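Please read the structure below before turning to the comments.
The values are calculated or read from the model by the stated rules, or taken from the named source; none is laboratory data. What you are looking at is a predicted structure, and each value in this text was computed from that prediction instead of being measured. Backbone-built Cβ (ideal geometry, glycine too); neighbour counts: all protein chains shown. Surface accessibility is based on the protein's heavy atoms, side chains included, excluding ligands, DNA and RNA. Shrake-Rupley method; radii C 1.70, N 1.55, O 1.52, S 1.80 Å.
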Amino acid sequence: MAADNQTLHMKGRTRIVCKHEPITAELERRIRTGAILGKLPGMNALAAEFSVNPLTIRKVLDALDRKGLIERKRRVGIFVRHKKRIGVFILRHSAPLPPSRSREELLPSALQNIVCGGIASVINAHRFSIQTQVVSYEDWDYINYLKNEVDGAVVIASSRETARALSYFREFPFVRAMGKVEEDQVYHHITYDNTRVGAVAVDYLRTRGCRCLLYVGDTESTLSQERFAGFVRAADGLEWRLMDGGLRQDSLPDFLHRLETNLPPLLHETTSRRPGLFLAGDEYAIPVYQLLRGMGIMPMRDIPIISCDNNHYLRAGLYLPPAAVDIHAFDIGRRATELLLDMLDRKKLPSTRKIILPPTLSC
C-alpha cells in the first residue's frame with residue numbers, strides 16, 4: 001500500500017503533507033472552474049487517475065464535503081453541490097423608462113450600492129453567485145422570472161406600498177434590507193432606527209456649542225418626515241430653522257437656487273447664536289460646502305456640520321469632512337445576507353426576525 005504522507009521541508013522546519021491534500025486542491029479547482037459538473041467519478045476511478053489508494057480518495061471526498069463542495073446521495077453517488085445563486089432585488093416605484101434605456105440599465109443609488117457592498121462581502125466569501133436587479137414594484141412578471149433564477153434574495157425596498165410589494169415574495173426565501181419596520185410584518189427584516197438619526201445629529205451639534213440649528217433637507221417622504229420629527233424632538237430647548245428642499249424632488253439647478261437664496265440669510269441671522277448645520281442626507285454636502293466656501297466660511301472650522309448616512313461615495317474629497325450619522329448600510333447588507341444564508345441552510349427559521357441597528361456618530 002502506498003504511503004499516505006510525504007515530508008515537506010520549509011525554511012528550517014519540517015511539515016508532514018498528507019497525500020490527499022494536493023488531490024483535494026486539484027478536485028476543488030475542477031469543481032470551482034466548472035470542469036466537473038453533476039456526478040463525480042467513482043472512488044475507484046479517482047484512485048486509478050491519481051495513482052493512490054481508495055482510502056486516500058475517501059479522505060479527499062471528506063475534505064470536499066467539509067468545504068461544502070459536494071453532497072453524497074445514498075445509493076446514487078457523489079455530486080457537485082448546487083452553487084447557490086443569491087438575488088439582490090431593489091424595488092422602485094413605477095416610472096417610464098426613457099426610450100434609450102433598457103431595464104438592465106437601471107442602477108442602484110449610491111446608498112444602495114453600500115448595502116450591496118455588504119451583501120457582496122458575504123456572497124464572495126462563500127463563493128456563491130449574485131444577481132442584482134433594480135425592478136419596479138409593478139413589474140410582477142419580471143419579479144417572478146427573477147425569483148425562478150435564484151435560491152433566495154435580499155430585497156431592498158422603500159416604505160411606500162411595502163406590504164403589497166413584498167407580498168410578491170410569499171413562500172420564497174428572502175430578507176428585507178433597509179426601510180421602515182411595519183407593525184404586522186411577517187418577513188425577516190434588517191434596518192436602522194431612523195427615528196434616532198435626528199437625536200444623534202443634535203447631540204453632536206449641542207456638544208460643539210451650537211445654540212441655533214439649521215436643518216437642510218426635504219420633509220416630503222416618509223423617511224424624511226420621520227428624520228425631521230426626530231430632529232425637532234431632540235432640539236427641544238434650542239432654536240432651530242428649516243431650509244426645506246430636496247434633491248429628490250427638485251432638479252439640481254432648482255435646489256441650488258433655493259439653497260443660495262435661503263441659506264445665507266439664515267446663517268447671518270443666527271451668527272451670534274453659534275449656528276450648526278444638520279444635512280439630512282450626504283447628497284447635500286457638496287452643494288452646501290461650495291456655497292459656504294463662496295461666502296468665505298470654512299466648513300467645520302467656522303461652522304460645525306453633521307450629515308447623515310456616512311456615504312463614502314458622496315463624502316469623498318470634502319475638506320474638512322463633516323461628522324456623520326452612520327446608519328450602518330454596509331452592516332445591514334452583510335447581516336441580511338447572513339440571515340438569508342442561514343434560512344437556506346435550515347430551510348426555514350422558527351420565527352420572524354426584526355433587527356434594528358441604532359445609528360451612531362462617526363467623526
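Bridging of Lys84 to aspartates and glutamates at a Cα separation below 14 Å is possible for Glu71, Glu149, Asp151, Glu338, Asp342, Asp345, once same-chain residues fewer than 8 apart are set aside.
With a 1.4 Å probe and all protein chains left in place, how much of the accessible area of segment 183-328 comes from carbon and sulfur atoms, in whole percent? Before the final figure, lay out the partial values.
Numbers: 3340 of 6470 Å².
Ligands and nucleic acids excluded, carbon and sulfur give 52 percent.
Local charge for Ile355 was computed over the other residues whose Cβ lies under 13 Å away, with Lys and Arg +1 and Asp and Glu -1, and equals +1.
Determine which aspartates and glutamates satisfy two conditions relative to Lys180: a Cα distance under 12 Å, and not lying fewer than 8 residues away in the same chain. Partners found: Glu161, Asp193, Glu226.
Where only protein heavy atoms count, and the probe is 1.4 Å, what is the accessible area per residue for the chain in Å²?
Details: 18920 Å² over 363 residues.
Per residue, the chain has an accessible area of 52 Å².
Highest-first packing order for the peptide set 138-146, 190-198 is 190-198, 138-146, based on the mean count of other beta carbon atoms within 10 Å.
Against the main long axis of the alpha-carbon atoms of the chain, helix 329-346 sits at an angle near 30°. Each other residue within a Cβ distance under 12 Å of Met295 adds +1 if Lys or Arg and -1 if Asp or Glu, for a net charge of -1.
If you take the square roots of the eigenvalues of the alpha-carbon gyration tensor of segment 154-264 and sort them as a ≥ b ≥ c, do you get rounded (a/c under 1.5), prolate (a/b over b/c) or oblate? Could you put the intermediate results ahead of the total?
Values: a/c = 3.39, a/b = 1.74, b/c = 1.95.
In terms of gyration-tensor shape, oblate.
DSSP finds beta bridges in the chain, and of those with both partners inside it, around 25 percent are antiparallel. Rounded to the nearest 10 degrees, the inclination of helix 140-149 to the longest alpha-carbon principal axis of the chain is 40 degrees. First check a/c for the chain, with a ≥ b ≥ c the square roots of the eigenvalues of its C-alpha gyration tensor; if it is under 1.5, answer rounded, and if not, answer prolate when a/b is larger than b/c or oblate otherwise. Taking the square roots of the gyration eigenvalues as a ≥ b ≥ c, the chain is prolate. Among residues other than Asn311 with Cβ under 11 Å from its Cβ, the summed charge is -3 (Lys and Arg +1, Asp and Glu -1). Between segment 302-332 and segment 221-279, what is the separation of their alpha carbon centroids in Å? Each part reduced to its Cα centre gives a spacing of 17 Å.
With 31 Å as the limit on Cα-Cα distance, the pairs of Lys19/Lys83; Lys73/Lys147; Lys39/Lys147; Lys39/Lys354 that go past it are Lys39/Lys354.
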